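Notes follow once the structure below has been shown.
Each value in this text was obtained by applying a stated rule to the coordinates, not by laboratory testing. Everything numeric in this text was worked out from a predicted model, so none of it was measured. In this analysis, Cβ positions are derived from the backbone assuming ideal geometry, glycine residues included, and neighbour counts consider all displayed protein chains.
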Amino acid sequence: MEYRNAKHIANGLIDCEINHPDHGWIPFTCDPADTGAAFDTAALHAAMAADPDTAPYVYVPPAPPTPEQTSFLRGLAYRNEADPLFFKAQRGEAAMDEWLAKVAEIKARYPEEV
């Protein structure tokens, strides 16, 4: 199988373009465990992995959340994690300190912009 522009990506996979007999050059993510392809993906993966021209994997860290996203996530955490503890504390089924600790944890996890 002809390939070009091979580069390692996450989870041991390799992105490339393959020369498809009907469609010409098409994008392809090569998984050596793929059994659904009409060709031996393990052999193609091994060839690309051994090829010194195959680009290495480069980790790109995710962008930090925007203030709007942080606010949304903080609200979800309050509703899903802190509010149930608050209502349990109101019924005497949990201590108010548990609720306050959860609120502090959420504030630390999703700090407000100053």
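If only one of ALA89, ALA77, ALA101 is among the aliphatic types (A, V, I, L, M) and loosely packed, with under 14 Cβ neighbours inside 10 Å, which one is it?
On the way: ALA89 fails: loosely packed, with under 14 Cβ neighbours inside 10 Å; ALA77 fails: loosely packed, with under 14 Cβ neighbours inside 10 Å.
Result of the check over ALA89, ALA77, ALA101: ALA101.
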**Message:** Just to check your reading of the model, which residue among ALA6, ALA38 is hydrophobic (A, V, I, L, M, F, W, C) and touching a residue at least 12 places away in the same chain (Cβ under 8 Å)?
**Reply:** ALA6
**Asked** Looking at (1) more than 22 Å from the chain's Cα centre (by Cα); (2) loosely packed, with under 10 Cβ neighbours inside 10 Å; (3) of a type in the set (Gly, Ala, Ser); (4) assigned to a loop (DSSP other than H, G, I, E, B), which is the one condition that is false for ALA63?
**Response** (1)
**Asked** Across the stretch 1-24, what is the total count of residues that are farther than 24 Å from VAL58 by Cα and assigned to a strand (DSSP E or B)?
**Response** 3
